[in-house]
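Participant: Here it is, the structure in full.
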Amino acid sequence: MSTGTHRNVDLVVAALTAGGADPSRIGRLQVLPDAVTTAAAAAAALGVEVGQIANSLVFEMSSGEGGGAPLLVLTSGAHRVDTAKVAALLGAQRVRRASPEFVREVTGQAIGGVAPVGHPAPLRTLVDRALEGFDEVWAAGGIPHAVFPTTFAELVAVTGGEPADVA
């Protein structure tokens, strides 16, 4: 299925489909007229609570010498990720926000539109347990204008993610 909009959106749709996401939710993917690069903007555009927005945040995780490994954290828009807590949880020496260049390199997507899936290679992923409190959450669709509905359980399944308390 091609959305006819952008290659990244098509990659996200393909990954969701391959991952067994509910076709009725995939079909509700929206390409909005304006970019929604923050949880507040996305919530306002969709008429939902900011906590229902699943922010896709990329971090660089290091456990010693050399470059960091990518880590994707899907967190509720109502939260800030506690990097020290995440580092301790994963046994990493340090977890820090990734540069825009690193984000694009590991996801193929730009900050503000990073989706939970559709990347060149799978990323280690943590899914904020706070998202479990909502029947439906919304995530970016690969570009800053695209969003799609999903659930906590579906996010865990399609990303191969680990449920975690990240805030």
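The values are calculated or read from the model by the stated rules, or taken from the named source; none is laboratory data. All figures in this text were calculated on a predicted structure; none of them were measured in a lab. Virtual Cβ from ideal backbone geometry, glycine too; neighbours counted across all protein chains shown. Calculation scope for accessible area: heavy atoms of the full protein, side chains included, ligands and nucleic acids excluded. Shrake-Rupley method; radii C 1.70, N 1.55, O 1.52, S 1.80 Å.
Participant: Which one of these does Thr5 not meet: (1) farther than 30 Å from Gly91 by Cα; (2) surrounded by fewer than 15 Cβ atoms within 10 Å (Cβ to Cβ); (3) among the hydroxyl-bearing types (Ser, Thr, Tyr); (4) at pLDDT below 95?
Facilitator: All conditions pass for Thr5, except number (2).
Participant: Please work out which residue is surrounded by the fewest Cβ atoms within 10 Å (Cβ to Cβ), limiting yourself to the stretch 12-21 and to residues that are within 26 Å of Val166 (Cα to Cα) and in contact with a helix residue (DSSP H, G or I) (Cβ under 8 Å, 6 or more places away or on another chain). Break it down stepwise before answering.
Facilitator: Initial filter on the stretch 12-21 (within 26 Å of Val166 (Cα to Cα)): 12, 15-16, 19-21.
Subsequent filtering for residues that are in contact with a helix residue (DSSP H, G or I) (Cβ under 8 Å, 6 or more places away or on another chain) retains 15-16, 19-21.
On the way: Ala15: 19, Leu16: 25, Gly19: 15, Gly20: 10, Ala21: 22.
Among those residues, the one meeting the criterion is Gly20.
Participant: May I ask you to verify whether Ala146 is open to solvent by 30 Å² or more (accessible area, probe 1.4 Å), touching a residue at least 40 places away in the same chain (Cβ under 8 Å) and under 28 Å from Ser24 (Cβ atoms)?
Facilitator: On the way: open to solvent by 30 Å² or more (accessible area, probe 1.4 Å): no; touching a residue at least 40 places away in the same chain (Cβ under 8 Å): yes; under 28 Å from Ser24 (Cβ atoms): yes.
The answer is no for Ala146.
Participant: I'd like the full set of residues that are out of contact with any His (no Cβ under 9 Å at 6 or more places or on another chain) and open to solvent by 50 Å² or more (accessible area, probe 1.4 Å), limited to the stretch 26-59.
Facilitator: Gly27, Arg28, Thr37, Thr38, Ala40, Ala44, Ala45, Gly47, Glu49, Val50
Participant: Let me ask another. Looking only at the stretch 95-124, how many residues end up being open to solvent by 10 Å² or more (accessible area, probe 1.4 Å) and of a type in the set (Ser, Thr, Tyr)?
Facilitator: Total satisfying the criteria: 1.
Participant: Only one of Ala44, Ala39 is in contact with a strand residue (DSSP E or B) (Cβ under 6 Å, 6 or more places away or on another chain) and on the phi < 0 side of the Ramachandran plot. Can you tell me which? Steps first, answer last, please.
Facilitator: Details: Ala44 fails: in contact with a strand residue (DSSP E or B) (Cβ under 6 Å, 6 or more places away or on another chain).
Answer to the check: Ala39.
Participant: Quickly run through the stretch 101-135 and pick out the residues that are under 13 Å from Ser76 (Cα atoms) and among the small types (Gly, Ala, Ser).
Facilitator: Answer for the stretch 101-135, where residues must be under 13 Å from Ser76 (Cα atoms) and among the small types (Gly, Ala, Ser): Ala130, Gly133.
Participant: In the stretch 157-167, which residue that is farther than 23 Å from Val31 by Cβ and in contact with a helix residue (DSSP H, G or I) (Cβ under 9 Å, 6 or more places away or on another chain) is surrounded by the most Cβ atoms within 10 Å (Cβ to Cβ)? Show your work before the answer.
Facilitator: To start, the set of residues in the stretch 157-167 that are farther than 23 Å from Val31 by Cβ comprises 157, 160-167.
Filter once more, so that each one left must be in contact with a helix residue (DSSP H, G or I) (Cβ under 9 Å, 6 or more places away or on another chain): 161-167.
On the way: Gly161: 20, Glu162: 12, Pro163: 15, Ala164: 18, Asp165: 13, Val166: 22, Ala167: 16.
Here the residue is Val166.
Participant: Determine whether the stretch 126-134 contains at least one residue that is of a type in the set (Lys, Arg), closer than 17 Å to Gln52 by Cβ and surrounded by fewer than 24 Cβ atoms within 10 Å (Cβ to Cβ). Can you show your working first?
Facilitator: Here is the first cut: in the stretch 126-134, the ones of a type in the set (Lys, Arg) are 129.
With the extra rule that they be closer than 17 Å to Gln52 by Cβ, the set shrinks to 129.
Remaining after also requiring surrounded by fewer than 24 Cβ atoms within 10 Å (Cβ to Cβ): 129.
Yes: the stretch 126-134 contains one or more residues that are of a type in the set (Lys, Arg), closer than 17 Å to Gln52 by Cβ and surrounded by fewer than 24 Cβ atoms within 10 Å (Cβ to Cβ).
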